[in-house]
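Step one of this worksheet: look at the structure below.
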Amino acid sequence: MTRVLKTLAVTLAVAMLLPAAAFAQKPSLKTPVSLNEKAPATYKVRFDTTAGVFVVSVTRDWAPLGADRFYNLVKNGFYDEARFFRAISGFMVQFGIHADPAVSAVWRNARIGVDPVKEGSKPMRIVYAMGGTPDTRTTQVFINFVDNSASLDKLGFAAFGDVTEGQDVVRKIFTGYGEG
């Protein structure tokens, strides 16, 4: 079996629409409170992976706190060289742990508030993972392979975007390891 999509390098497509100065001085990833910009109403994130490219389109109105956090993490390189670490066939694929343990450690308790569920956990929608309740969201996100609305929406998993290009690439992610 071929293992694909071990790494993903993330670039923010909206960067082309912002002045270069907006990216000149990055806050430290070791200071979560410093990454607090409000995201645009909509933006796109391009994921370049070993198996191809996919694009996530984010709509801030769906889950403003989640969209803002994702915007700041992407813009400041948090997901660069991140790995997919959980992929379950017929469910989802997850990423969002920084490669540097020191950076991961400071984000472990950098929780964001609760977003109401406005859009369901439909196929190719991206949501934050959480530790049992919606107020435990930090940096880990997952993309739904199938419609998980019936089980996840009532638990507070608020979608903030969806894969609009390269859905075939996302579907190629190796799920043979399951929870491992």
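Looking across region 131-150, the residues that are in contact (Cβ under 8 Å) with a residue 24 or more places away in the chain, of a type outside the set (D, E, K, R) and farther than 24 Å from Val103 by Cβ come down to Asn144, Phe145, Val146, Asn148, Ser149.
Here Ile173 clears all of (1) of a type in the set (A, V, I, L, M); (2) at pLDDT 95 or above; (3) in contact with a Leu (Cβ under 6 Å, 6 or more places away or on another chain) except the condition numbered (2). Taken over region 125-173, the criterion of being under 12 Å from the mean Cα position of the chain (by Cα) and over 17 Å from Arg69 (Cα atoms) is satisfied by Asn144, Val163.
Residues that are at pLDDT 95 or above and open to solvent by 60 Å² or more (accessible area, probe 1.4 Å), at least 1 per element: which strands (runs of 3 or more DSSP E) completely within region 27-102 meet that?
Per the criteria, 42-49.
Considering region 132-142, the residues that are part of a loop (DSSP other than H, G, I, E, B) and open to solvent by 60 Å² or more (accessible area, probe 1.4 Å) include one that is modelled with the lowest pLDDT, namely Gly132.
Restricting region 109-128 to residues that are of a type in the set (Val, Ile, Thr) and surrounded by 19 or more Cβ atoms within 10 Å (Cβ to Cβ) leaves a set whose member that is farthest from Gln140 (Cα to Cα) is Val117.
Restricting attention to region 101-118, and to residues there that are of a type outside the set (Phe, Trp, Tyr) and in contact (Cβ under 8 Å) with a residue 60 or more places away in the chain, which single residue is farthest from Leu65 (Cα to Cα)?
Ala102
In the condition set (1) under 16 Å from Tyr79 (Cβ atoms); (2) assigned to a strand (DSSP E or B); (3) open to solvent by 20 Å² or more (accessible area, probe 1.4 Å), Val106 is compliant with all but (2). The set of residues from region 143-172 being among the hydrophobic types (A, V, I, L, M, F, W, C), surrounded by fewer than 21 Cβ atoms within 10 Å (Cβ to Cβ) and in a loop (DSSP other than H, G, I, E, B) comprises Phe145, Val146.
If you check Ala87 against the conditions, is it out of contact with any helix residue (DSSP H, G or I) (no Cβ under 9 Å at 6 or more places or on another chain) and in contact (Cβ under 8 Å) with a residue 40 or more places away in the chain? So Ala87 fits the description; yes.
The values are calculated or read from the model by the stated rules, or taken from the named source; none is laboratory data. Values in this document were obtained by computation on a predicted structure and should not be read as measured data. Methodologically, a virtual Cβ is constructed for each residue, glycine included, from the backbone with ideal geometry; neighbour enumeration extends over all protein chains shown. Only protein heavy atoms, including side chains, enter the accessible area calculation; ligands, DNA and RNA are left aside. Shrake-Rupley method; radii C 1.70, N 1.55, O 1.52, S 1.80 Å.
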